[in-house]
Every structure is written in structure tokens, then in C-alpha cells.
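Notes follow once the structure below has been shown.
A short reminder: the numbers here are calculations on the coordinates, not readings from a lab. Because the structure is predicted, anything quoted here is derived from the model rather than measured. No Cβ is skipped: glycine too gets one built from the backbone with ideal geometry, and neighbour counts run over all protein chains shown.
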Amino acid sequence: MHVFSIPWWIFFGTLFSGLTIIGLLGNVIVIFIIGFDKSMRKSCMNILLLNLAVADTLNLTVSTVEWIHLILKGYQEFLFPPIFCPISRYLECAFLYSSIVTQLIVCVERFIAIIYPIHARRLCTTRNIIKFLFSMWIFVFITASPYLFVNALSPTKKICFTSGLREKWFIAFKWVEFSSLYLFPAIIFLILYSKVAKSLWKNNSQLYEGSRTSSIKHGINDTLKMRRNVVKMLVACVIVYFICYSPIQGLFIAKYLLNITLVPPYEFVLLMNALAMTCSACNPLLYTLFSKKFRKRISEFLTCNSCNGRYKFKRLKRNKNEVNAKSKETNRPSITQIESSLNVDDSSRNSLRSKKKLPKRTRTDYFSIKNSIKYRKHSMSLSLFGK
């Protein structure tokens, strides 16, 4: 049994508690912002990032089994029933697999949307994405199943450890795991994101041909900035992932490829676990760093009371402003102009929007503006994580 000194006890207790609280809070906010907004769930990328937040939240929750004894007792001892040892290790690996596979799907989706936008409308649909995610969860739960058979409590029933590390079948499984869930994704990320970056950061003079008005050029610039910020954010998430998990993979290569037997101290093992938890906790911080729109949504979410409908009101108010702004570009009447032309006061605007008092032609103009904005947003492949 490993007993921690007081400095190590304070350090690891603070580290794991802080990472868990920050990670759970950030990912739960992402889940609420995307999951409870129907319009945002129409974006393929938002659905993928929602799935990533769910996987990270579950991973952080299950990981508490590995470190809770540090807070409660200050020494290495498994505090849960024996069945929790293999199940917790199995779920940790399954949620880790789902995180990397989700990021791989995001990479492919962004590549198709930016490099082949015509095919994106056919391939990158919400229905297809949901099918991919459903298949992905089945795949990760099956792939991680060997961990159910190699983890158990020690004879003294104090430590959860991995047995059978020298078994040939388990070594072969680890090689497959390393190749398919670390090396192969790294190659795919490097190739696809390089092509996407080359497309977005190269000379875009051809995009301006035939665009003589400043409004069209401004729209092209805004679209490029949004897509570049999205790619920067996704690349940052991938870099953080490989930084956090490369030390663990390095130990595996040293042990099974170079035949270097390493027996790291338990403190080092805990540091590797903390580094892995950092990956799950960092993604919401990266969204906030790279996305002005996400920061705005967080501010609205934290400063409103969802029970009295303030969040819904703010969302409707923002959509109205967007409609008014877009109407200037399309030379169509805005909502404000429609209301003022009909001499509608504040008390009757709700009934006006419910289409009960709008003339037929005015109602058509209103919905044509709304549908035009919806189509333009879809065609530019924009999402919450834009500029």
C-alpha cells in the first residue's frame, strides 16, 4: 500500500479536484448550450461537439474512482466494491476511444465541408452524423471490452491493477489499440487539416472575381475568418489530445518495442492520469478561447434564468436583429419595417408574429426573409463555433 506524504496528498487532491470541477462545469455548459437549442442541433459540427462534451463528461465522472481515495484517506486503496475495478477501467477506455473517434469524424466532416462543399450537402447531414455516432458508440464499447478481463483487485483487495500484461493476446490488442486509435488518427489529422489549412490560407483572389461590391467581399472575408477560427480550434483540440496521451504511449513503445522495462513510481502514474483528465477538461476552454460566438452564448446562458424564459427571449431578440441586418443586404423589408408599416404597437407584436394579423403578402415577405437567412447560414457551413 502506497502512503502519500502531506505535500503529495495536498498536491494531488487539489489537482484532481480542480480538473474534475473545471472539466465537468465546462462540458455541462456546452451540453446545455447545444442540447437545449433546437436551431443549434441542426448543425452537424455542433452535434459532434455535443457528443465530444458528453464523452468527456462521462470520462471525468468515471475517473473519480481512480483518485477519490487520495481525498478521503491519503493513501492507495480501492474504496468501491470489487466489480467497480474492471468496469471503471473499461468505461474510462471506452469514453477515451469515443473522444478520439469523435474528433476524427469532426476532422473528416470539416475536410468535406471546406474542400468539397457540393458533396457536403449530401454527405454531411444530421441524419448521417447521428448514424455515424451511433455506430461509433457500439464500436468503442466492443473495442474496449478486453479491459473487462484484465483488471481486478489485488489479493489484499486494496489496489485495482491490470493483470496479464505479458499475455500474448493482450500485447497484440495493445498494438492494435496503439495503431488504430493513436498512430492512424495522428496521420489522418495531419493530412486532412494540412489540406484544409492550405485551402483556407492560400491566396483567395479567385473568390473575389466577379465580386465588385464591398458587401459581397465583406461576406467572403467573414466566412473565411469563421472557418479559419474553427480549424484553429479543432487543431488545438487535437494537439492537446496528443500532448496529454503521448507520454503514456511512449511508455508502451519503450516496454513492448524497445524491451525497456520501466517501473514508474505511483506518483508518476497519477500525473499521467491527471494529464489524461486535462485533455477532457481543456476542450470547453479552447472553445471559449477561439470562438467569440461561444463566449457570447456562455454569457447569455450564465446571466439568464431559463425558468422564466429569458434565454428564449434573448435568442428571439438576436434572431430578429439578424433578420433586420440581412434584410438590408437583400433589399427586403425588415421585421421592424413591417411592424411600423402596419402601425403595430408593442402590445400586439406577439399576435403579429403568430401570423394572426399579418396580411398574406406581408407574412410571405417575413418568412421569405427568415428562410433566406436560414439557407445562407447552411450554405456557409457556419455553426456556434464560428468567429
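Between Glu300 and Val176, what FRET efficiency comes out of the Förster formula 1/(1 + (r/R0)^6) with R0 = 35 Å and r the beta carbon distance, rounded to 0.05?
0.20
Given R₀ = 22 Å, FRET efficiency for His119-Arg228 by Cβ-Cβ distance, to 0.05? Display every interim value, and only then the final one.
On the way: r = 21 Å, r/R0 = 0.97.
Rounded to the nearest 0.05, the efficiency is 0.55.
Quick check on my link table: of Lys198/Lys232; Lys38/Lys131; Lys42/Lys225; Lys38/Lys232; Lys195/Lys255, which ones sit more than 24 Å apart, alpha carbon to alpha carbon?
Violating the 24 Å Cα-Cα cut-off are Lys38/Lys232; Lys195/Lys255.
Counting pairs of alpha carbon atoms under 8 Å apart in space and at least six apart in sequence, what relative contact order in percent does the stretch 1-154 give?
28 percent
What is the Cα coordinate range of the stretch 74-211 on the first, second and third principal axes, sorted by size from largest, in whole angstrom?
The Cα atoms of the stretch 74-211 stretch 77, 35, 28 Å along the principal axes, largest first.
Ranked from highest to lowest mean number of other Cβ atoms within 10 Å per residue, what is the order of the peptides 82-94, 54-66?
Averaged packing, sorted descending, gives the order 54-66, 82-94.
Test of understanding: ordering Ile130, Ile68, Ile34 by Cβ neighbours within 10 Å, fewest first, what list do you get? Working shown, then result.
Numbers: Ile130 13, Ile68 17, Ile34 22.
With the fewest neighbours first, Ile130, Ile68, Ile34 line up as Ile130, Ile68, Ile34.
First measure r as the distance between the Cβ atoms of Phe134 and Ile6, then evaluate 1/(1 + (r/R0)^6) with R0 = 51 Å and state the FRET efficiency to the nearest 0.05.
0.60
Where Rh is the Kirkwood radius over the Cα pairs of the stretch 131-207, the temperature 4 °C and the viscosity 1.567 mPa s, what D in µm²/s does Stokes-Einstein return?
80 µm²/s
With the crude spin-label approximation of a point 7 Å out along Cα→Cβ, what separation in nm comes out for Arg41 versus Leu183?
Rounded to a tenth, the inter-label distance reads 4.1 nm.
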